[in-house]
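Structure first, then comments.
What follows is calculated from the coordinates using simple rules that are stated; it is not laboratory data. Computed from a prediction, not measured in an experiment: that's the story for all the values here. FYI the Cβ positions are ideal-geometry reconstructions off the backbone, even for glycines, and counts take in every protein chain you see.
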Amino acid sequence: MTAFKIVLGLAAAFQIVSVLLALRLNAIYRRRFAWLFISGAAVLMAVGMLASMWRIWDAATDLEHSPALWAESLATLMMAILFFAGIATIEPIFKENEAARRSAEHENQRLNAAVQHTMEEMMIAKQIQQNFLPQSPPEAEGYDLAAISLPAEWTSGDYYDFHQAEDGRLIAVIADVAGHGVGPALMMSSARSYFREIVQHYDEPGEILTRWNQIISSEIKFGDFITAWVAVIHPERHTLKFAGAGHNAWLINSDGSVRNLEGEGPPLGVIGDFTFHGSSEVALAHGQILLMATDGIPETENPEGEQWGNDRMLAVIHTRRNQPAERIVDDMVDAVSGFATDTPRRDDVTAIVVKVA
């Protein structure tokens, strides 16, 4: 009888220690439900062993010679030892997992902070670039002007600008750097500075593009380029002269017919010594609308992969021809956005509308 009591006493001791160890680990890793189950199992096993001890304690003394009882007692002891060993062995694994979790949590916090910092910087970059664009179109008697530029990402590779010469002529430009994002935005910022300097000395569209191309070609790497279209409008004479570098514009008549004002030159930065030539004068008449737009508008795709296209774009302009220029631009952007519902904008969207009053 004494031997059974010793065996069961050892089993109970191991089990009680296992329970205490499991409860301690459960307090440390309280967010891990597995330890709740382990702790509960340990407690129930301890209760079972104590019940067995109580039963054997009250049994007859000749139970020492019972092989079945010996087997049960030894199995109970071994089960308690193995359970204790398992609890003790698995603790380092949980410590490693907890350390890894805390490390991942710290890294996640660091990455979130970095992302937040980057977003703040990109917001600043976006605001700076927006400040580069004209705050409002210039006023020209007999003309209604409006413009818009929306980046596909934080920053844009598109650019538009206006300049009024001393003799009253209005110079308008729209340009598009290949690609979009930070790199094209930086390139466009430099191109803007060059353009603003050039129009102080040149007022013919061909001359503007020729000089602009020479400077850009000397600074950008092979494979980069900028498409551009320049218009010079004489408000008093109601005439237009233009030149294009891989870019075109459209003149929509009051009857809905369209004249494609296509430039004959390559994009800026492709051929450094190319000489651009401006068009002959184009007479402007009441009711006509000059549309300058980057390809981000007609090439916008819907969820099925269909492009919006020039026809839809020009149709919107003609349909809204009786609206102010600003309303025409807004309606065009709304129309193309509605066409590409639930589709992320893949390219920058920029447009200028000049309405002949």
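Some observations on this one:
- Remark: Met78, Met313 ranked as Met78, Met313, counting other beta-carbon atoms within 10 Å and listing the fewest first.
- Taking amide H as placed 1.01 Å from N in the peptide plane, the amide H of Glu262 sits under 5 Å from that of Ala249, each at least 5 places away or on another chain.
- On the beta carbon distance between Asp330 and Gln214, with R0 = 41 Å, the FRET formula returns roughly 0.65.
- Phi angles of region 188-202 translate, via the Karplus equation with coefficients 6.51, -1.76, 1.60 and θ = phi - 60°, into HN-Hα couplings of 5, 4, 5, 4, 4, 4, 5, 4, 5, 6, 4, 5, 6, 10, 10 Hz per residue; Gly and Pro are given as x.
- Residues whose placed amide H lies under 5 Å from that of Ile271, excluding near-sequence neighbours: none
- Computing FRET efficiency as 1/(1 + (r/R0)^6) for Arg321 and Val115, where r is the C-beta to C-beta distance and R0 is 56 Å, gives about 0.80.
- With neighbours defined as other Cβ atoms within 10 Å of a residue's Cβ, the residues Ile171, Ile6, Ile216 order from fewest to most as Ile6, Ile171, Ile216.
- Placing a label point 7 Å from the Cα of Asn302 along the Cα-to-Cβ direction, the residues of region 319-347 with a backbone N closer than 20 Å are 319-320, 331-347.
- Derived scalar couplings ³J(HN,Hα) [region 292-306; Karplus, 6.51 cos²θ - 1.76 cosθ + 1.60; whole Hz; x for Gly, Pro]: 10, 8, 8, 5, x, 7, x, 8, 4, 10, 8, x, 8, x, 7
- Distance-filtered residues of region 244-271 - backbone nitrogen under 13 Å, label point 7 angstrom along Ser190 Cα→Cβ: 269
- The value given for region 126-195 is a Kirkwood hydrodynamic radius of 12.9 Å, derived from the mean inverse Cα-Cα separation.
- Hydrodynamic radius by Kirkwood, which averages 1/r over all alpha carbon pairs of region 164-227, in angstrom: 12.5
- In nm, spacing of pseudo-spin labels at Ile90 and Asn131 (7 Å Cα→C-beta vector): 6.1
- Highest mean first, the peptides 274-286, 343-355 sorted by other C-beta atoms within 10 Å per residue fall in the order 343-355, 274-286.
- Note on region 136-356: Kirkwood hydrodynamic radius from all Cα pairs is 17.5 Å, rounded to one decimal.
- The length gained on full extension between Leu10 and Leu150, counted as 0.36 nm times the residue separation minus their Cα-Cα distance, comes to 42.6 nm.
- Nonlocal amide H pairs with Tyr143, under 5 Å, H built at 1.01 Å: Ala357
- Residue-by-residue Karplus 3J(HN,Hα) for region 344-357, coefficients 6.51, -1.76, 1.60, Hz, glycine and proline x: x, 5, 9, 9, 5, 10, 9, 8, 10, 10, 10, 9, 7, 7
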